[in-house]
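See structure below.
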């Protein structure tokens, strides 16, 4: 259906946002018809599509990551967990909308996670296999690059906030806020990430016949031993995109076109300025059950060009009112010449908007402030 639309509407370039169609092979389907599409092939997208593939790929190519084991049988996994260090991380192999990783802080929690995945099948087919990996203490950061499979351009490093509540408490979500550039990532550390993670990943995929064209997202933990990969994504993150893209100077479409046509310059860094911080406004109950159809008020009250509002879970009802239609409803991004200014503008934007049960974190950016002091 999408391919037919692109053909009949004479679309010059399709940009794929979510991971599911990339892993399903939308890029291969479009390419066979000669349609220009931005994103990795199905084979390359396996770097996100299968945690098992990604971990074994990193082991083959010496890319730093947490030690791990793979299990297909609950009893064997239980036996392993009964003797391993706690906390421990348990991940579903397949796609789980960004919620497939469980950090177990006790032996009981680890067994409960296995039961949820294998017996209750909370992740369905995605949970047929699990990766159990060591818990990495440290600070998380996301480093993304545009790559044509040989050369790459590093984008501003970002920091996501996965937990639903302040102080990183509560269950993980698709992301409750982000900021860029992340102060934890200094120039020396970024060069190390490029040398030890991005370059060998791009080269390793090409060597295995999975040349990667698109955005490669490395979710990292900065540990005492240096940066280690927590996960790879095959697309821009949400909400990372809402802070990375507004900072970029130059023509994004041209960069994407160059990526698709193997025309990126040798190792380079995207030009950017200023700071950006985004706060996600979510429905009450998210990431669990939530209600839809709540009227969204306060949009359009300000013409401040330094505050951007991105719609996610919104829709129009029968009376053409804007209403909530998902877990994560809006992302409000503030831009500024200083980090504090960007943060202040984002929260000012949030405070102008309301809907019944609106929930957001009040501490987005608190970690960055510690680094900047």
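So that you can scan it fast, the table gives a plain yes or no per residue for (1) closer than 30 Å to residue 254 by Cβ; (2) out of contact with any helix residue (DSSP H, G or I) (no Cβ under 9 Å at 6 or more places or on another chain); (3) in contact (Cβ under 8 Å) with a residue 60 or more places away in the chain; (4) buried (at least 19 other Cβ atoms within 10 Å of the Cβ):
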{"residue": "303", "(1), (2), (3), (4)": "yes, yes, no, no"}
{"residue": "327", "(1), (2), (3), (4)": "no, yes, yes, yes"}
{"residue": "333", "(1), (2), (3), (4)": "yes, no, yes, yes"}
{"residue": "351", "(1), (2), (3), (4)": "no, yes, no, no"}
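Per-residue answers, yes or no, for (1) over 18 Å from the mean Cα position of the chain (by Cα); (2) farther than 30 Å from residue 362 by Cβ; (3) surrounded by fewer than 17 Cβ atoms within 10 Å (Cβ to Cβ):
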residue: 125; (1), (2), (3): yes, yes, yes
residue: 140; (1), (2), (3): no, no, no
residue: 149; (1), (2), (3): yes, yes, no
residue: 169; (1), (2), (3): yes, no, yes
residue: 206; (1), (2), (3): yes, yes, yes
residue: 209; (1), (2), (3): yes, yes, yes
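Quick one: would you say residue 249 is without any contact (Cβ under 8 Å) to a residue 40 or more places away in the chain, out of contact with any helix residue (DSSP H, G or I) (no Cβ under 6 Å at 6 or more places or on another chain) and under 19 Å from residue 41 (Cβ atoms)?
Details: without any contact (Cβ under 8 Å) to a residue 40 or more places away in the chain: yes; out of contact with any helix residue (DSSP H, G or I) (no Cβ under 6 Å at 6 or more places or on another chain): yes; under 19 Å from residue 41 (Cβ atoms): no.
Judged against the criteria, residue 249 is not a match.
It is to be established whether one or more residues within the range 69-88 are within 30 Å of residue 262 (Cβ to Cβ), touching a residue at least 60 places away in the same chain (Cβ under 8 Å) and not assigned by the TED database to the domain that holds residue 234.
Looking only at the range 69-88, we keep the residues that are within 30 Å of residue 262 (Cβ to Cβ), and these are none.
No, every residue in the range 69-88 fails to be within 30 Å of residue 262 (Cβ to Cβ), touching a residue at least 60 places away in the same chain (Cβ under 8 Å) and not assigned by the TED database to the domain that holds residue 234.
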Exercise for the section: Just give me the residues in the range 163-205 being assigned to a loop (DSSP other than H, G, I, E, B) and free of Cβ contacts under 8 Å to residues at least 40 places away in the same chain, in sequence order. Expected result: 186
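Criterion first (at pLDDT 95 or above and buried (at least 16 other Cβ atoms within 10 Å of the Cβ)) does residue 240 satisfy it?
On the way: at pLDDT 95 or above: yes; buried (at least 16 other Cβ atoms within 10 Å of the Cβ): yes.
So residue 240 fits the description; yes.
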Exercise for the section: Mind listing whichever residues of the range 264-295 are assigned to a strand (DSSP E or B) and over 21 Å from residue 321 (Cα atoms)? Expected result: 268, 269, 272, 275, 276, 277, 278, 279
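The values are calculated or read from the model by the stated rules, or taken from the named source; none is laboratory data. Note that the structure is a prediction, hence the values are computed from the model and not measured. All Cβ positions, even for glycine, are placed from backbone atoms using ideal geometry, and neighbour counts span all protein chains on display.
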